[in-house]
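Asks: One structure is given below, represented as structure tokens, and several questions about it will come after.
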Amino acid sequence: MKKLATIFAVLALLMLASIASADNNGQTVANDDIVKNTSTVIANAVVGRIAQVVSPAPKPVNTSSLDANGNFKFALNAQDLGIASGGAADTIGIWGLGAYTNFKSTASGARYDADAYNIFLGVDWRATSDLLIGLAGGWGSLDLDKKWGNNGYIRTDDELTIMPYAAYNFTDDLIADAAFAYSNGEYKDNDGTNTGKYTSDRYMTNVGLSYYYLIDQWTLSARAGYMYVQGNLGSYSRGGVDVANPDSWLSQANLQAKAAYLFANGFEPYAALKYMVDLQTSSIPVGSDYDEFEGSLGLNWNIDNWVLNVEGGMSMGRDEFEAYRGQFYVRYEF
């Protein structure tokens, strides 16, 4: 009987160790994916649009406008459109963006389903015809449901971001961009029984070089970029147990190709494909898969000094991982 009791005790300990291991693995995967995807949202919201503002892409001039009676007036031919290359010095732009992202892991021991909501507001100034400088502020909320261990969740009600950015035209077609972001938020971590709270400080650097090529009403562009993000997660107590949260960080290179076509009525649909490869990570990704693609489709519409935009995208090729996003963007220049 003593031997039997010993065997059962050992089995129980092994089961508890297995559960603890799965939870730690799930926690690490979730923390790393939160850092990666929140940074990707910022990159799509701000970084992906910096060079476009000062690019030589065809842009409608008085294409769709409002007359004195509030009626839309549409341009009917290409001569009404005009071509904008960069912009005049002292031009100021203000913009806003709302985004929703769903991302999930289906990895064994690390399954989760997350929803993220983001709002950004920004203002930029063309200090010269070649230099654009700006500042953006953002708010974010995350709701991640764990599907490992005893389930639980990771949530934040308010995460605030501040992000200065800049773009410079070396030539009309060759543009460099840079952005630096700091985010701070308080997270709630529930293990299915108890809840702990911790703070998160995240730092992101994103730089890129874009080239634009015009063929009639087509705009073809390519961007080579680099992103580094560091997520410093505070330790916390949950159910009387101290939890040491490991920091998460990511070094990533990316390449993007994009094609857009400008119609005479000011509508400009586009498609883009982005390749991302992790150069260094704080932990080994699920399946040791270090790269993925993101495809996106969008539509711009120019009305006088306004630009309206909708865009959707999805990730492809990352092992046991899915992500889908949608966003709406509006910009006004004066």
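Values quoted throughout were computed directly from the atomic coordinates according to the rules given, and no laboratory measurement underlies them. Note that the structure is predicted; figures quoted are calculated from it, not measured. A quick note on method: Cβ atoms are made from the backbone with ideal geometry, for glycine too, and the neighbour counts reach across all protein chains shown.
Asks: Averaging over every viewing direction, what projected area does the convex hull of the Cα atoms of region 279-334 cover, in nm²?
Replies: Quarter of the Cα hull surface area: 5.6 nm².
Asks: Pulled fully out, how much extra length does the chain show between PHE293 and SER235, if you take 0.36 nm times their separation in residues and subtract their Cα-Cα distance?
Replies: 17.5 nm
Asks: Kirkwood hydrodynamic radius, region 144-184, all distinct C-alpha pairs: what's the number in Å?
Replies: Hydrodynamic radius (Kirkwood, Cα only) of region 144-184 equals 14.0 Å.
Asks: Shifting gears a bit: Can you pull a Stokes-Einstein diffusion coefficient for region 216-304 at 25 °C (0.890 mPa s), Rh from Kirkwood over Cα pairs, as a whole number of µm²/s?
Replies: The Stokes-Einstein estimate is 148 µm²/s.
Asks: Right, something else. Rounding to the nearest 20 debye, state how big the charge dipole of region 179-334 is about its Cα centre with +1 on each Lys and Arg Cβ and -1 on each Asp and Glu Cβ.
Replies: 260
Asks: Now a separate question. About the Cα centre of region 249-326, how large is the charge dipole given +1 on each Lys and Arg Cβ and -1 on each Asp and Glu Cβ? Please answer in debye to the nearest 20.
Replies: Here the size comes out at about 240 debye.
Asks: Further, regarding this structure: Multiply the residue gap between ALA127 and ASP319 by 0.36 nm, knock off their C-alpha separation, and tell me the result in nm, one decimal place.
Replies: 64.7 nm
Asks: Please list, in order along region 102-113, the HN-Hα scalar couplings obtained from phi with the Karplus expression 6.51 cos²θ - 1.76 cosθ + 1.60 (θ = phi - 60°), rounded to whole Hz, x for Gly and Pro.
Replies: 3J(HN,Hα) across region 102-113, in whole Hz: 10, 9, 8, 10, 10, 6, 4, x, 8, 6, 7, 9.
Asks: So what is the diffusion coefficient of region 180-236 in µm² per second by Stokes-Einstein at 4 °C and 1.567 mPa s, using a Kirkwood Rh over Cα pairs?
Replies: Translational diffusion coefficient: 87 µm²/s.
Asks: Here's another thing I want to ask about it. Based on the Cβ-Cβ distance of LEU174 and LEU279, what FRET efficiency does E = 1/(1 + (r/R0)^6) give at R0 = 22 Å, to the nearest 0.05?
Replies: Result of the calculation: an efficiency of 0.35.
Asks: Right, another one. Run the paramagnetic zone check for VAL243: 7 angstrom along Cα to Cβ, then residues of region 139-153 with backbone nitrogen under 14 Å.
Replies: 144-153
Asks: Follow-up. Using every Cα-Cα pair within region 154-311, state what percent have a distance larger than 21 Å.
Replies: Summing the P(r) tail past 21 Å for region 154-311 gives 63 percent.
Asks: Let me ask something else about it. Based only on Cα atoms, what mean projected area does the convex hull of region 117-167 have, in nm²?
Replies: 4.5
Asks: Still on this structure, I have one more. Beta carbons within 10 angstrom, averaged per residue: use that to sort the peptides 286-293, 43-50, 234-241, highest first.
Replies: The peptides rank, most packed first, as 43-50, 286-293, 234-241.
Asks: Does region 101-224 come out rounded, prolate or oblate by the C-alpha gyration tensor, with a ≥ b ≥ c the root eigenvalues, rounded set by a/c under 1.5 and, if not, prolate when a/b is larger than b/c and oblate if not?
Replies: prolate
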